[in-house]
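Pasting a structure below so you can have a look.
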Amino acid sequence: MGRLLLTSSQVSVVLSAAIIFLFTLALFLSGYVLQQRYVHTLQAAIKPRLPKPLPPPRAIPPPTLDAKWARPMGGRPEIDETYAQYIAGQTMDWSRLGYVQVVREHVELCSAVMLLSDLHRMKSPAKRILMFPRLWLATSEDDTYGPEMSTTRRLLRTAARRYGVTLMPMEPIVEGADDTLPSSYSLASLYSLVDYERILYLQGPGLLLDASALDSLLAFSKSEPMAAYPATPERTDLSTSLLLIHPSQQSFNQLRTLRAATHTTDLDMFRSTFSVPGSLLSEWSLSMGNVVYESQHLRNVIDGFNATVFEQATTFVRLSDPEIAGPEYDIPFSDRVKIRPENVEAREAWSKLYERFRQRRMEVCGLDLETYSPIVLEGLAAKD
Ligand SMILES: *[C@@H]1O[C@H](CO)[C@@H](O)[C@H](O)[C@H]1NC(C)=O
């Protein structure tokens with residue numbers, strides 16, 4: 001009897017031990033599953049996004065009128081992700097592909113950092129590089145700086161620490177030129193970045209709406225000395241609004257020699273060095289929509305313009321309206337009213353772009369808009 005009782009209490013001990021074990025196991029397993037799921041989500045969140053491959057080459061009728069520039073081409077085409085392209089994306093050496101901003105004046109710095117911060121926020125896997133006058137790194141003896149230089153030094157630090165930007169100080173393009181003058185610096189310095197296979201330069205100030213289209217351009221293009229965004233839909237000239245470049249010492253020397261002989265603008269220098277249409281981005285790489293769009297074209301949109309479709313089909317908008325100084329300046333409302341688009345949808349899109357720029361400027365640089373004064377405009381006119 002006693003023996004049997006002992007056995008039954010033993011059984012109950014074993015049973016409860018088994019139950020506790022099972023519960024613990026279940027608890028552990030569910031915890032493990034949850035944790036794995038969390039880790040996967042985390043990995044997906046951290047992992048840089050791989051770009052979509054470019055659409056296959058196909059014949060596209062060239063856009064003709066201004067109104068056509070202003071019309072989105074019906075969204076980005078759906079693309080099949082072929083295995084080969086997928087693998088190309090997987091094994092691509094992203095450390096040799098980069099986005100570059102070039103600043104020559106203090107006032108341009110925030111817009112450049114904003115663009116690079118957008119690429120960071122949109123998880124582009126390519127490098128982000130900022131070129132600026134080496135002079136800005138000169139330390140003062142008592143470590144105090146004027147308000148302009150203090151802001152500049154703060155923004156350079158922010159770019160490097162918060163947005164992972166590689167800082168590349170540059171020298172004047174012609175040896176011995178006055179390093180305090182913005183005109184002593186040139187886009188030709190892009191060619192000095194010979195450690196990179198391909199770099200993409202965007203002319204600011206503007207807003208990036210979609211980094212993946214640019215990542216595709218960087219990843220799936222051939223390396224050529226120059227592939228520039230066409231100045232006109234007719235593709236008769238290159239512009240400097242977007243440049244895809246294979247840097248080389250040879251091109252760098254060639255451009256530097258040219259600049260030393262004649263003082264030309266960057267645009268004229270590139271136009272006399274690279275021929276069109278050979279040095280333009282191919283039509284099919286531009287077939288994904290509005291790769292670069294200038295805000296002033298929103299004034300020429302045709303009826304039926306749809307702001308939602310426009311945003312979806314547009315990669316980068318350069319905020320450029322010739323009558324006003326730039327999105328960095330606090331332009332009086334009465335002046336804005338005079339130049340904003342008449343089409344209601346386009347006007348809304350236009351105002352939204354300028355407002356978004358103002359907000360991002362505050363978020364990224366902690367800067368209000370610059371005070372507007374007509375002197376600024378005169379200064380700009382004199383420069384052109
Ligand atoms: C714009 O296009 C979107 C998406 O195609 C659609 O949902 C929306 O109704 C359109 N808006 C107007 C005003 O036509």
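The values are calculated or read from the model by the stated rules, or taken from the named source; none is laboratory data. Computed from a prediction, not measured in an experiment: that's the story for all the values here. Here the Cβ positions follow ideal geometry from the backbone for every residue, glycine too, while neighbour counts run over all protein chains shown. For the accessible areas, the whole protein counts, side chains as well, though only heavy atoms, and no ligand, DNA or RNA atoms are used. Shrake-Rupley method; radii C 1.70, N 1.55, O 1.52, S 1.80 Å.
Could you figure out which of (1) surrounded by 14 or more Cβ atoms within 10 Å (Cβ to Cβ); (2) free of Cβ contacts under 8 Å to residues at least 12 places away in the same chain isn't true of residue 166?
Residue 166 satisfies every listed condition except (2).
Between residues in the stretch 337-354 that are over 13 Å from residue 311 (Cβ atoms) and residues that are of a type in the set (Phe, Trp, Tyr) and away from the ligand (no atom under 13 Å from the Cβ), which pairs lie under 6 Å by C-beta distance while being six or more apart or on different chains?
340/350; 341/350
Now for a different question. Looking at the stretch 272-291, which of its residues are part of a strand (DSSP E or B) and either among the polar types (S, T, N, Q) or closer than 30 Å to residue 261 by Cα (or both)?
Result: 280, 290.
Confirm whether residue 332 is out of contact with any Pro (no Cβ under 6 Å at 6 or more places or on another chain), away from the ligand (no atom under 13 Å from the Cβ), open to solvent by less than 60 Å² (accessible area, probe 1.4 Å) and closer than 17 Å to residue 290 by Cβ.
no
Pick from the stretch 225-250 the residues that are more than 23 Å from residue 204 (Cβ to Cβ) and open to solvent by less than 60 Å² (accessible area, probe 1.4 Å): which of them is modelled with the highest pLDDT?
Selected residue: 248.
Can you name every residue in the stretch 343-355 that is more than 16 Å from the ligand (Cβ to nearest atom) and either touching a Phe, Trp or Tyr at 6+ places or on another chain (Cβ under 8 Å) or closer than 20 Å to residue 202 by Cα (or both)?
353, 354
Now, a different point. Among the residues of the stretch 135-191, count how many are assigned to a helix (DSSP H, G or I), more than 18 Å from residue 105 (Cβ to Cβ) and small (Gly, Ala, Ser).
1
Give just the number: which of (1) farther than 28 Å from residue 214 by Cβ; (2) more than 16 Å from the ligand (Cβ to nearest atom); (3) touching a residue at least 12 places away in the same chain (Cβ under 8 Å) does residue 303 not satisfy?
Unmet condition: (2).
Given the criterion away from the ligand (no atom under 16 Å from the Cβ), open to solvent by 40 Å² or more (accessible area, probe 1.4 Å) and within 21 Å of the chain's Cα centre (by Cα), identify the matching residue among 340, 358.
358
Looking at the stretch 212-232, which of its residues are outside any loop (DSSP other than H, G, I, E, B) and either free of Cβ contacts under 8 Å to residues at least 40 places away in the same chain or touching a strand residue (DSSP E or B) at 6+ places or on another chain (Cβ under 8 Å) (or both)?
Within the stretch 212-232, 213, 214, 217, 218, 219, 227, 228, 229, 230 qualify.
Here's something else I'd like to know. Looking only at the stretch 284-329, count every residue that is open to solvent by 10 Å² or more (accessible area, probe 1.4 Å), touching a helix residue (DSSP H, G or I) at 6+ places or on another chain (Cβ under 6 Å), at pLDDT 90 or above and among the aliphatic types (A, V, I, L, M) and tell me the total.
Residues that pass the stated criteria total 2.
Which ones in the stretch 130-145 are open to solvent by less than 40 Å² (accessible area, probe 1.4 Å) and either out of contact with any Asp or Glu (no Cβ under 7 Å at 6 or more places or on another chain) or among the polar types (S, T, N, Q) (or both)?
130, 131, 132, 136, 140, listed by residue number.
Among the residues of the stretch 306-329, what is the count of those that are more than 16 Å from the ligand (Cβ to nearest atom), of a type outside the set (A, V, I, L, M, F, W, C) and touching a residue at least 24 places away in the same chain (Cβ under 8 Å)?
Count: 9.
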